[in-house]
Amino acid sequence: MFAWILRGCRDESSASDQLKQARDVFKAKEAVLQKKISQEMERAKEFTKSGNKQAAMQCLKRKKYYESQMNQVGSVQLRINSKERMIADHTGNK
């Protein structure tokens, strides 16, 4: 799964560094998605107030899509954290 992240790693320190970089990237993606979700909610409220139900529904559909992407990002972050713990345990056992 993380072969693309860990490609070329010769030791645990570079692997953990790359995992930290990947974790930071996914944290940034999570922040962007959270911002998009809140924007879509605001737009849906505005369209509902103005009576444009179809546009409001489209905003809610995009919000739902962003939420599913955020769930995927969250699961990747969990896997990254478990890999980091695995590397830390491995280096601790040496």
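Quick note: the coordinates plus some simple rules give every number you see, no bench work behind them. Just so it is clear, the structure is predicted and the values come from calculations on it, not from any experiment. Glycine gets a Cβ as well: all are built from the backbone with ideal geometry, and neighbour counts include every protein chain shown.
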Longer than 23 Å from Cα to Cα, which of LYS27/LYS49; LYS29/LYS61; LYS27/LYS53; LYS29/LYS64; LYS63/LYS83; LYS29/LYS63 are they? Say none if no pair is.
LYS27/LYS49; LYS27/LYS53; LYS63/LYS83
Cβ-defined net charge surrounding LYS61, 14 Å radius [Lys, Arg +1; Asp, Glu -1]
+4
Relative contact order (percent, whole number), the stretch 32-94, Cα cutoff 8 Å, 6+ residue spacing:
33
Using the Cα gyration tensor of the stretch 32-82, with a ≥ b ≥ c the square roots of its eigenvalues, what is the shape: rounded (a/c below 1.5), prolate (a/b larger than b/c) or oblate (neither)?
prolate
